[in-house]
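Single-structure report; data block below.
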4 protein chains.
Amino acid sequence: MNTIAENDYVLIVYREKRYFKKVEMGKSFHGTGGVINYSDLVGVEYGVKRGSYEFFKPTLEDIIMYGLRRETQIVYPKEAYHICFKLNLRNGSKVCEVGGGSGALTCIFSRMVGPEGSVVTYEKEERHYKNIRKNIERFTEWDNVDLHHGDIMDSDKRNFDAAFIDVREPWLIIEKIRSLMKGSTYLGIIVPTTNQIVETLRALSEGFGDVEVLELMLRRYKTVPERVRPEDRMVAHTGFLIFARKLNG
Amino acid sequence: MNTIAENDYVLIVYREKRYFKKVEMGKSFHGTGGVINYSDLVGVEYGVKRGSYEFFKPTLEDIIMYGLRRETQIVYPKEAYHICFKLNLRNGSKVCEVGGGSGALTCIFSRMVGPEGSVVTYEKEERHYKNIRKNIERFTEWDNVDLHHGDIMDSDKRNFDAAFIDVREPWLIIEKIRSLMKGSTYLGIIVPTTNQIVETLRALSEGFGDVEVLELMLRRYKTVPERVRPEDRMVAHTGFLIFARKLNG
Amino acid sequence: MNTIAENDYVLIVYREKRYFKKVEMGKSFHGTGGVINYSDLVGVEYGVKRGSYEFFKPTLEDIIMYGLRRETQIVYPKEAYHICFKLNLRNGSKVCEVGGGSGALTCIFSRMVGPEGSVVTYEKEERHYKNIRKNIERFTEWDNVDLHHGDIMDSDKRNFDAAFIDVREPWLIIEKIRSLMKGSTYLGIIVPTTNQIVETLRALSEGFGDVEVLELMLRRYKTVPERVRPEDRMVAHTGFLIFARKLNG
Amino acid sequence: MNTIAENDYVLIVYREKRYFKKVEMGKSFHGTGGVINYSDLVGVEYGVKRGSYEFFKPTLEDIIMYGLRRETQIVYPKEAYHICFKLNLRNGSKVCEVGGGSGALTCIFSRMVGPEGSVVTYEKEERHYKNIRKNIERFTEWDNVDLHHGDIMDSDKRNFDAAFIDVREPWLIIEKIRSLMKGSTYLGIIVPTTNQIVETLRALSEGFGDVEVLELMLRRYKTVPERVRPEDRMVAHTGFLIFARKLNG
């Protein structure tokens, strides 16, 4: 349904600000644009404007950016979107994720592989594992995430359609991961430093082909029609993406 | 299945080059790396290396970049991926696309909305319409594209979960498109020039909120571990992306 | 001389922080790295380290970034350096500057045209004019700036080797400026918005050739050898630079 | 003088093309825009238009880009301009350059330090040394370059106001160079790869402060006022710039 219901999450937009809130009866939202009682919103169609506030149904990007509880650096949407397609995911794919972080990419993978797909995620740190579990329980729409508190090195799952690594030393597990992937499928890796690119490229030199290293930059513009120009500051770096395809043999 | 079959499309990687070919019996591939008879590939697992050639199962990106027949400038993968998620598409979404071009974004939308979704695409030019039809017949995996040779202004479809415009003067159809969209959903637009950003922003000032203008830049790196550095040249511009959410009333 | 003297300006570097200070007897510098009495620095060679503080002789860039009193947005070093050479300035050049701002570019022009050159600067606003005068008195090394509180439209100076405009509506004065420039010399313009690019290009369509529009982006990297990577955030936009060469006739 | 004389170099602009030519009597220029006899240009003011050709007095940038004979990769203008100011050069400075390449940066340093300055350049390869000598003889305006065919390690020149290194393994000579520089002055280094950044940063960890690593990107725009947009392709990488200030002791 497209009307606001009790206990829905709602995205409140007020000028440059974004608030991700739960519609709770008897409670209200207090911002610089005034007070809104949540009960007044229930039953109203999403996309409503009240005073200077706009109320939208949160998209997956809103959830990742404003809803997810973060305990780690996350894979940001601009990289996550690119990863999903580069790994050639679709409804029904089975993808392996090593290093779940806060579950941002997990949620995006869940969306991408759909009701018939499966996301198998490994996270070694118990605290992060628990946080991811909470995040996916709250925010994924299909029950397609298989979350493991443990080490990929102990895994015996096989026949993955794609794999992704977000750990500090990916080169230590590349050979293992490769053994779990189908031939010709994509491995993706994210690393923040160029030193890590060097080590990763070395580890990919055997058993993989068509290696690619890239970074994505997103530049936002001001939206006043009379003064169109890039914003003053931007995120300059989140991570380098490395992709390679499994060769047989 | 993950083995090469007769009449499959295959991506051949040879150093910096990529070839998108059909595996036809009795035919062969002639490149600077030597001759390969396609019949020798049939039954072999994807990801095989023969001499300096690597043979991969084409991903959607390979199809868009090397397989699709182009009669127009296309929406490139890096933008298309971002658009899919920004429009909050998922398995089951119903998205409206105005200006089908060569069908690149159509194919990517088809992948994103999955077997239960639907992509409704309008293309006015007959020649392009026919090319898109051929491309989606060859390359989409689900029968979820509803392609129209006609003008969106004559459409009476409604309740779209998202909409995207890729025409020269998007501002002329924004009001119409808006009437077909559900409340709170996203409209996306791509334009190549800043002059078009100005006009589009004016048209979005009524009936939409949370307007965003951005561009994505993708920088590739050389993959020799001893000499990691950005490639010498890059694509500097494909288009500006504009996003806005429908406000009610 | 290369030793610190009383009343010198000195740049103090402390981790990520920069302080531009005057060496005043009886005074001291108080920072998170401890207290330094200026009198202890006098007579010491520049480049000295005391505790975690480093004391350098300010470069022109230090002066512009940390010393200059700003009352306006300034032309930043990265653009200013490019402008100087693009305008083909050298020791002895005579350059016209319209819109002095806070005098940042004026100081850089002064450096570039050297003891035998001349910088003729027009600033209409009295408050800015006074601030520029103070800045050039404190910071230029040669007496080569001819600062005017007034309108370029009233000027009768001629034979400029180059000209630069930094005002809101450059198109209104381009014809006038052109009349003051030698044939074949460069006009440079800085504007923050794409709307201004459009108007400026229109005004340059007569009487100028070889028009160029560009922007410069500077990306800084972290300097820890074990973790080389771009900094997280960067300045995404300062201004668009427009250059054109005067055609005769 | 500002009129075209016999044996002058002239920059011919024809649409997107640039020609750097010598005005030789009895000869003519043949391009897609028709034939021009050089003798018809003599005595005419620079900035003249003949048919679709525009004739300009070459700037230093024109010389570097179109006039200089290149035998190596050069330091490009956008980096060279930044380097000049970052090294705090001015009329009268004495700068040391190690690795002359084709003399592009040498010419730009010569311009920057003016008639009273001096550029001391070391180039080990004889072939490059000879080419640089030819380039500076043809293109520098002041006799301020002291070009050496030899190794900086054998040099005993001292008291440089700045130094710049453009060789494959800068870390091998940093200590030597440091001993030739005044306290507090800047050392600049250019390297193409991130691996070289790592080694260079290690070598700078002793004896230098305020280390900076950066890269500059220049994006050009189309100049049609009705369709302002970035050009399709750009140079994505020329080199990383590293700067550090000499600490005493």
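The values are calculated or read from the model by the stated rules, or taken from the named source; none is laboratory data. Being a predicted model, the structure only gives us computed values, none of them experimental. In this analysis, Cβ positions are derived from the backbone assuming ideal geometry, glycine residues included, and neighbour counts consider all displayed protein chains.
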- Only one of (1) assigned to a helix (DSSP H, G or I); (2) within 14 Å of chain B (Cβ to nearest Cβ); (3) touching a helix residue (DSSP H, G or I) at 6+ places or on another chain (Cβ under 6 Å) fails for A:LYS176. Which number is that? (2)
- Message: I need the full set of residues from region C:196-249 which are in contact with an Asp or Glu (Cβ under 7 Å, 6 or more places away or on another chain), without any contact (Cβ under 8 Å) to a residue 40 or more places away in the chain and basic (Lys, Arg), in order please.
- Response: C:ARG219, C:ARG220, C:LYS222
- Item | Looking only at region C:84-104, and only at residues there that are facing chain D (nearest Cβ under 9 Å) and part of a helix (DSSP H, G or I), the one that is nearest to C:TYR186 (Cα to Cα) | C:LYS86
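For region A:160-169, check the following and say yes or no: at least one residue is more than 10 Å from chain B (Cβ to nearest Cβ), over 30 Å from B:THR238 (Cβ atoms) and surrounded by 16 or more Cβ atoms within 10 Å (Cβ to Cβ). Break it down into steps so the answer makes sense when it comes.
Keep residues of region A:160-169 that are more than 10 Å from chain B (Cβ to nearest Cβ), which gives A:160, A:163-169.
So of that shortlist, the ones also over 30 Å from B:THR238 (Cβ atoms) come out as A:160, A:167-169.
From the residues that got through so far, the ones that are surrounded by 16 or more Cβ atoms within 10 Å (Cβ to Cβ) too are A:160, A:167.
Among the residues of region A:160-169, at least one is more than 10 Å from chain B (Cβ to nearest Cβ), over 30 Å from B:THR238 (Cβ atoms) and surrounded by 16 or more Cβ atoms within 10 Å (Cβ to Cβ), which makes the answer yes.
Out of the residues in region B:182-198 that are more than 8 Å from chain A (Cβ to nearest Cβ) and either over 21 Å from the mean Cα position of the chain (by Cα) or part of a strand (DSSP E or B) (or both), which is surrounded by the fewest Cβ atoms within 10 Å (Cβ to Cβ)?
So the first thing to find is which residues in region B:182-198 are more than 8 Å from chain A (Cβ to nearest Cβ), and the list is B:187-193, B:195-196.
Going one step further and asking which of them are either over 21 Å from the mean Cα position of the chain (by Cα) or part of a strand (DSSP E or B) (or both), we end up with B:187-191, B:195-196.
Numbers: B:LEU187: 25, B:GLY188: 23, B:ILE189: 29, B:ILE190: 25, B:VAL191: 24, B:ASN195: 20, B:GLN196: 22.
If we take residues in region B:182-198 being more than 8 Å from chain A (Cβ to nearest Cβ) and either over 21 Å from the mean Cα position of the chain (by Cα) or part of a strand (DSSP E or B) (or both), then B:ASN195 is surrounded by the fewest Cβ atoms within 10 Å (Cβ to Cβ).
Just to be sure before I move on: is D:ILE63 under 24 Å from the mean Cα position of the chain (by Cα) and more than 30 Å from C:LYS57 (Cβ to Cβ) in the structure I sent?
Numbers: under 24 Å from the mean Cα position of the chain (by Cα): yes; more than 30 Å from C:LYS57 (Cβ to Cβ): yes.
In short, yes.
Does C:LYS246 satisfy being surrounded by fewer than 21 Cβ atoms within 10 Å (Cβ to Cβ), at pLDDT 95 or above and at the interface with chain D (Cβ under 9 Å from one of its Cβ atoms)? Lay out the reasoning, then the answer.
On the way: surrounded by fewer than 21 Cβ atoms within 10 Å (Cβ to Cβ): no; at pLDDT 95 or above: yes; at the interface with chain D (Cβ under 9 Å from one of its Cβ atoms): yes.
Taking the combined requirement at face value, the residue does not satisfy it.
Those residues that are within 7 Å of another protein chain (Cβ to nearest Cβ) and either in contact with a strand residue (DSSP E or B) (Cβ under 6 Å, 6 or more places away or on another chain) or hydrophobic (A, V, I, L, M, F, W, C) (or both), I need them from region B:199-208; list them, please.
Narrowing region B:199-208 to residues within 7 Å of another protein chain (Cβ to nearest Cβ): B:201-202.
Once the filter is applied, which keeps residues that are within 7 Å of another protein chain (Cβ to nearest Cβ) and either in contact with a strand residue (DSSP E or B) (Cβ under 6 Å, 6 or more places away or on another chain) or hydrophobic (A, V, I, L, M, F, W, C) (or both), region B:199-208 yields only B:LEU201.
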- Query: Going by the structure shown, is B:GLU116 surrounded by fewer than 24 Cβ atoms within 10 Å (Cβ to Cβ), more than 14 Å from every other protein chain (Cβ to nearest Cβ), more than 15 Å from the chain's Cα centre (by Cα) and not aromatic (Phe, Trp, Tyr)?
  - Reply: no
- Looking only at region A:71-83, decide whether some residue is at pLDDT 95 or above, in contact with a strand residue (DSSP E or B) (Cβ under 6 Å, 6 or more places away or on another chain) and of a type in the set (Ser, Thr, Tyr). no
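Taking region D:1-40 as the search range and keeping residues that are of a type in the set (D, E, K, R) and within 14 Å of another protein chain (Cβ to nearest Cβ), which one is farthest from C:GLY207 (Cα to Cα)? I'd like the intermediate steps shown before the answer.
Residues of region D:1-40 of a type in the set (D, E, K, R): D:6, D:8, D:15-18, D:21-22, D:24, D:27, D:40.
Going one step further and asking which of them are within 14 Å of another protein chain (Cβ to nearest Cβ), we end up with D:8, D:15-18.
Working: D:ASP8: 24, D:ARG15: 16, D:GLU16: 18, D:LYS17: 19, D:ARG18: 19 Å.
Residue satisfying both the conditions and the ranking: D:ASP8.
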- Message: Which condition from (1) closer than 30 Å to A:VAL167 by Cβ; (2) more than 10 Å from every other protein chain (Cβ to nearest Cβ); (3) touching a Ser or Thr at 6+ places or on another chain (Cβ under 7 Å) is the one that A:GLY43 breaks?
- Response: (1)
- Across region A:50-73, what is the total count of residues that are more than 11 Å from every other protein chain (Cβ to nearest Cβ) and buried (at least 20 other Cβ atoms within 10 Å of the Cβ)? 1
- Task: Inspect all residues belonging to region A:109-127 and state whether any of them is outside any loop (DSSP other than H, G, I, E, B), under 23 Å from A:ASN159 (Cβ atoms), in contact with a His (Cβ under 7 Å, 6 or more places away or on another chain) and not β-branched (Val, Ile, Thr).
- Result: yes
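Tally up the residues in region A:128-169 that are assigned to a helix (DSSP H, G or I), in contact (Cβ under 8 Å) with a residue 40 or more places away in the chain and over 15 Å from A:VAL95 (Cα atoms), please.
Here is the first cut: in region A:128-169, the residues assigned to a helix (DSSP H, G or I) are A:128-139, A:152-154.
Add one more test, that the residue is in contact (Cβ under 8 Å) with a residue 40 or more places away in the chain, and what stays is A:128, A:131, A:134-135, A:138-139, A:152.
Subset that is over 15 Å from A:VAL95 (Cα atoms): A:128, A:131, A:134-135, A:138-139.
Qualifying residue count, region A:128-169: 6.
Do you know which of the residues in region B:138-172 that are more than 22 Å from the chain's Cα centre (by Cα) and not acidic (Asp, Glu) is nearest to B:PHE243 (Cα to Cα)? Reasoning before the result, please.
As a first pass, look at region B:138-172 and keep what is more than 22 Å from the chain's Cα centre (by Cα): B:153-159, B:171-172.
Applying the additional criterion that residues be not acidic (Asp, Glu) yields B:153, B:155, B:157-159, B:171-172.
Details: B:MET153: 21, B:SER155: 22, B:LYS157: 21, B:ARG158: 20, B:ASN159: 18, B:TRP171: 13, B:LEU172: 16 Å.
Here the answer is B:TRP171.
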- Task: Quickly run through region C:209-237 and pick out the residues that are in contact with a Lys or Arg (Cβ under 6 Å, 6 or more places away or on another chain) and more than 7 Å from every other protein chain (Cβ to nearest Cβ).
- Result: C:LYS222
- Message: Any residue that is basic (Lys, Arg) and at pLDDT below 95 - is there at least one of those in region B:155-176?
- Response: yes
- Single residue of region A:200-241 satisfying the filter (β-branched (Val, Ile, Thr) and in a loop (DSSP other than H, G, I, E, B)) that is surrounded by the most Cβ atoms within 10 Å (Cβ to Cβ): A:VAL228
- Task: Return a yes/no flag: does region C:135-145 have any residue that is surrounded by fewer than 19 Cβ atoms within 10 Å (Cβ to Cβ), under 16 Å from C:ASP62 (Cα atoms) and not hydrophobic (A, V, I, L, M, F, W, C).
- Result: yes
- Output the residues belonging to region A:1-49 that are within 27 Å of the chain's Cα centre (by Cα), exposed (fewer than 14 other Cβ atoms within 10 Å of the Cβ) and among the acidic types (Asp, Glu). A:GLU6, A:GLU16, A:GLU24
